[in-house]
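The values are calculated or read from the model by the stated rules, or taken from the named source; none is laboratory data. These figures come from a predicted structure and were not determined experimentally. For neighbour counting, all protein chains shown are included, and Cβ atoms are generated from backbone atoms with ideal geometry for every residue, glycine included. The area values use the complete protein model at the heavy-atom level, side chains included, leaving out ligands, DNA and RNA. Shrake-Rupley method; radii C 1.70, N 1.55, O 1.52, S 1.80 Å.
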Number of protein chains: 2
Amino acid sequence: MSHVSNRPATGTATLRAGLDGVLAGETRLSTVGITGVGLTYLGYSIEDLAEHATFEEVAYLLLYGQLPTQPQLKAFRDRIVAHRGIPPELCQVLERIPSSAHPMDVLRTATSMLGTLEPEKSPQEALHVSERLLGIMPGVLLYWYRFHQSGQRIDPTIGGDSIAEQFLWLLHGRPPEALHVRAMDVSLILYAEHEWNASTFTARVVASTLSDFYSAITAAIGALRGPLHGGANEAAMELIDSMRDPDYAEARLLEMLAKKEKIMGFGHRVYKSCDPRSDIIQVWARKLCEATDLMLLYDISERIEAVMRREKKMFPNLDFYSASMYRSLGIPTPMFTPIFVLSRVSGWSAHILEQRANNRLIRPLAEYVGPEPRPWQPLESRS
Amino acid sequence: MSHVSNRPATGTATLRAGLDGVLAGETRLSTVGITGVGLTYLGYSIEDLAEHATFEEVAYLLLYGQLPTQPQLKAFRDRIVAHRGIPPELCQVLERIPSSAHPMDVLRTATSMLGTLEPEKSPQEALHVSERLLGIMPGVLLYWYRFHQSGQRIDPTIGGDSIAEQFLWLLHGRPPEALHVRAMDVSLILYAEHEWNASTFTARVVASTLSDFYSAITAAIGALRGPLHGGANEAAMELIDSMRDPDYAEARLLEMLAKKEKIMGFGHRVYKSCDPRSDIIQVWARKLCEATDLMLLYDISERIEAVMRREKKMFPNLDFYSASMYRSLGIPTPMFTPIFVLSRVSGWSAHILEQRANNRLIRPLAEYVGPEPRPWQPLESRS
């Protein structure tokens with residue numbers, strides 16, 4: 001019996017570890033680091049989007065492929081607000097997830113559970129499911145959080161009319177300041193979409209088996225959780241928190257670099273000289289730290305940046321200044337990566353739709369480096 | 001501001017849709033379709049493993065890299081049996097998942113929930129978590145199933161001393177026949193591992209962000225669910241079930257082929273002339289169908305195979321004859337893909353360990369095919 005396969009003949013394929021630099025498919029959704037273009041969502045520059053758009057406009061752009069008109073935007077916002085309710089079974093699950101759980105595990109479990117309660121019955125429901133997830137996510141996260149913090153069962157349907165406002169409102173239990181809402185909104189815009197990063201790629205691999213929408217999003221949340229991906233903003237905060245002032249930060253960082261410790265929040269797989277999102281969030285971090293009397297935190301952050309540039313020629317990525325900005329908004333560190341989810345659900349959803357529209361199962365090959373074929377060895381004869 | 005990146009210059013990289021034929025990494029765990037070698041797990045041929053091994057030996061081989069000695073195997077089996085208990089919070093979640101849910105969604109949600117109850121606190125716990133998942137999975141699936149079928153809260157800790165035996169025991173509520181247990185065991189062996197298939201690749205992408213073990217397994221379950229992957233065995237059963245006899249099957253299949261409908265359970269991305277697992281499971285399907293008076297089902301299956309070979313030069317893959325064999329064991333069709341999970345947890349776990357041992361973030365690039373850069377358009381001016 002022969003096992004002829006489509007494996008590349010030896011020597012014809014070169015293995016690029018981590019698929020670094022390998023084109024794995026096509027996308028209309030964003031450019032990341034294309035020379036002279038930088039980061040765009042469907043052709044609009046991230047600078048324009050962060051300056052002029054709201055997160056809901058950006059989410060609409062990603063899901064529907066064009067900016068909404070005023071009536072389209074109003075209807076979209078209304079649908080997302082209408083999708084805030086949490087089914088009682090899901091509330092009961094959230095109450096049974098321990099208070100010690102990582103909030104990313106809460107979102108992963110809740111998304112999977114919602115998929116059993118409100119399954120995607122046909123691919124025509126995909127846009128509905130993505131809007132439902134955009135609507136329900138902040139409430140799910142904060143229902144769990146506030147229940148375990150204070151035993152309170154919050155009403156997840158309240159909280160203003162945007163995702164940014166609702167998140168801060170439910171977190172603090174009161175209407176947030178306009179400046180804070182706008183800072184949060186900009187952060188959501190910056191985190192919304194980023195081409196075939198690891199979590200988006202995960203969502204597309206799952207979608208490529210023609211599995212359901214919830215499976216793809218649940219998987220993406222699991223991928224985003226890792227410290228080499230979304231988890232980096234929490235790691236950046238821990239680093240900044242460990243410093244008491246800029247001079248101490250510089251001395252400590254030099255020690256860490258000498259020991260070759262990994263510094264989170266710097267560098268990027270695709271960007272090689274700067275992350276265009278970092279410049280935008282840095283301005284907001286300074287503004288918010290000033291407004292909330294946290295300039296020490298900001299000054300420490302700037303010094304860490306300066307040392308990394310000087311010593312390692314490394315630039316901050318979006319995660320680095322997001323950390324001090326989130327702190328200035330009173331957001332607990334374990335919520336940093338979950339905020340990334342609330343936003344990136346839009347990008348993931350758009351990629352799942354794009355994958356389905358022109359699908360091919362994503363199934364690479366591996367180079368075999370294991371033992372040669374060997375005969376069976378009966379249990380009795382092993383030692 | 002320039003955005004220099006590591007993108008390949010235009011024309012230097014060719015896009016292979018679905019990463020078909022692209023080497024994405026290395027593995028010691030299995031060969032799939034290498035000419036003259038076929039399918040091996042760590043050098044042992046699938047024919048030898050299906051003939052001589054038990055599933056627990058195979059799982060040990062995958063997780064620990066070598067066949068166990070007698071004391072090692074006994075200790076491994078004992079640990080898996082000891083891992084059968086379901087925490088009360090997880091039982092409560094299972095009771096809240098609707099009876100209408102797909103059992104794959106039950107396993108996905110339960111794995112994610114278990115990750116909140118018994119988180120992986122350090123990478124040293126990885127082998128423990130994989131054994132825990134091997135032990136708990138059959139009970140989780142059947143606790144949910146029997147609770148919603150009959151309101152019964154079964155004891156998931158009983159059921160003999162192997163995964164194959166326990167699954168059939170809990171499903172039917174009585175000790176299974178030895179022939180049935182062995183058939184189930186062979187099926188678990190055949191499904192245990194298959195190189196960088198879509199669900200395993202998903203698990204590795206998630207693991208490559210240094211996320212936790214449960215996130216990777218949860219994601220893999222979501223990928224396996226799709227009809228282009230694990231879901232194919234259920235689709236094959238539905239096809240066979242729609243046929244009343246071999247002649248009808250032939251006529252109906254010719255119609256379907258004329259309409260270019262997709263026939264599940266045939267062909268394979270990597271194998272090009274046969275799936276070595278199919279020959280093995282076909283023998284078992286015949287044996288079990290004979291023993292349980294289901295030869296009509298088997299004969300229909302054989303006729304479908306003959307037509308597919310004659311008309312399309314396509315061969316059955318593992319999923320095709322698994323369907324009639326599972327039916328002969330009294331297993332409901334929606335349980336077919338979940339059985340794949342009970343087994344493949346071993347392969348996924350081994351790949352997560354392998355990924356972590358030599359990690360590089362898996363992050364490919366996409367070719368941009370979207371709109372050219374365009375100026376911002378204010379909301380008021382859109383139409």
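Here is how the numbers come out for the structure above:
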{"quantity": "Ranked order, B:Trp196, A:Trp169 - accessible area, probe 1.4 Å, largest first", "calculated": "A:Trp169, B:Trp196"}
{"quantity": "7 Å along Cα→Cβ, label-point gaps from A:Ser150 to other copies, nm, shortest first", "calculated": "4.8"}
{"quantity": "Point-to-point label distance, A:Asp20-B:His172, nm (Cα→Cβ direction, 7 Å offset)", "calculated": "5.4"}
{"quantity": "Net dipole in debye of the protein assembly as shown [+1 Lys, Arg Cβ; -1 Asp, Glu Cβ; about Cα centre; nearest 20]", "calculated": "720"}
{"quantity": "Gain upon complete extension [B:Leu179, B:Thr157; 0.36 nm per residue less C-alpha separation]", "calculated": "5.7 nm"}
{"quantity": "Antiparallel content of DSSP bridges confined to the protein assembly as shown, in %, to 5", "calculated": "60"}
{"quantity": "Rounded D (µm²/s) - the range B:172-277, Kirkwood Rh over Cα pairs, Stokes-Einstein at 4 °C, 1.567 mPa s", "calculated": "77"}
{"quantity": "Mean separation of Cα contacts under 8 Å (6+ apart) over length of chain B, as relative contact order %", "calculated": "20"}
{"quantity": "Cα-only radius of gyration and Dmax that characterise the range A:216-315, units Å", "calculated": "14.5, 45"}
{"quantity": "Coarse-grained scattering of the range B:322-383 at q = 0.12, 0.13, 0.14, 0.26 Å⁻¹, given as base-10 log I(q)/I(0) from a Debye sum over alpha-carbon atoms", "calculated": "-0.68, -0.70, -0.71, -1.06"}
{"quantity": "Equivalent ellipsoid, the range A:27-146 (semi-axes from 5 times Cα gyration tensor eigenvalues, Å)", "calculated": "30, 18, 14"}
{"quantity": "Nearest-first distances (nm) between copies at B:Pro123, label 7 Å from Cα via Cβ", "calculated": "3.8"}
{"quantity": "Global form of the range B:234-293, assessed from the alpha-carbon gyration tensor, a/c cut-off 1.5", "calculated": "oblate"}
{"quantity": "Rg to Rh, two decimals, where chain B supplies the alpha carbon set and Rh follows Kirkwood", "calculated": "1.01"}
{"quantity": "Leading residue at positive end of dipole, the protein assembly as shown (Cβ point charges), from A:Met104, A:Leu257, B:Val93", "calculated": "A:Leu257"}
{"quantity": "Computed Kirkwood radius, in angstrom, where 1/r is averaged over Cα pairs of the protein assembly as shown", "calculated": "27.0"}
{"quantity": "Gain upon complete extension [B:Leu257, B:Arg244; 0.36 nm per residue less C-alpha separation]", "calculated": "2.9 nm"}
{"quantity": "Inter-copy label distances at A:Ala75 (7 Å, Cα→Cβ; nm, one decimal)", "calculated": "6.6"}
{"quantity": "A from B by rotation - nearest chain B beta carbon to the axis, in Å", "calculated": "B:Ala219, 2"}
{"quantity": "Proximal lysines to A:Lys121, defined as alpha-carbon separation beneath 23 angstrom and excluding residues fewer than eight positions away on the same chain", "calculated": "B:Lys262"}
{"quantity": "Length-normalised contact order of the range A:232-328 in % [C-alpha pairs under 8 Å, at least 6 apart]", "calculated": "45"}
{"quantity": "Reciprocal of mean inverse Cα separation for the range A:268-383 (Kirkwood radius, Å)", "calculated": "18.7"}
{"quantity": "Ellipticity estimate at 222 nm from DSSP helix runs (n ≥ 4, -39,500 (n - 2.57)) divided over chain B, nearest 500", "calculated": "-18000 deg cm²/dmol"}
{"quantity": "The range B:232-328, dipole about Cα centre (Lys/Arg Cβ +1, Asp/Glu Cβ -1), debye to the nearest 20", "calculated": "500"}
{"quantity": "Estimated FRET transfer efficiency when R0 is 41 angstrom, pair A:His128-B:Lys272 (beta carbons, to 0.05)", "calculated": "0.55"}
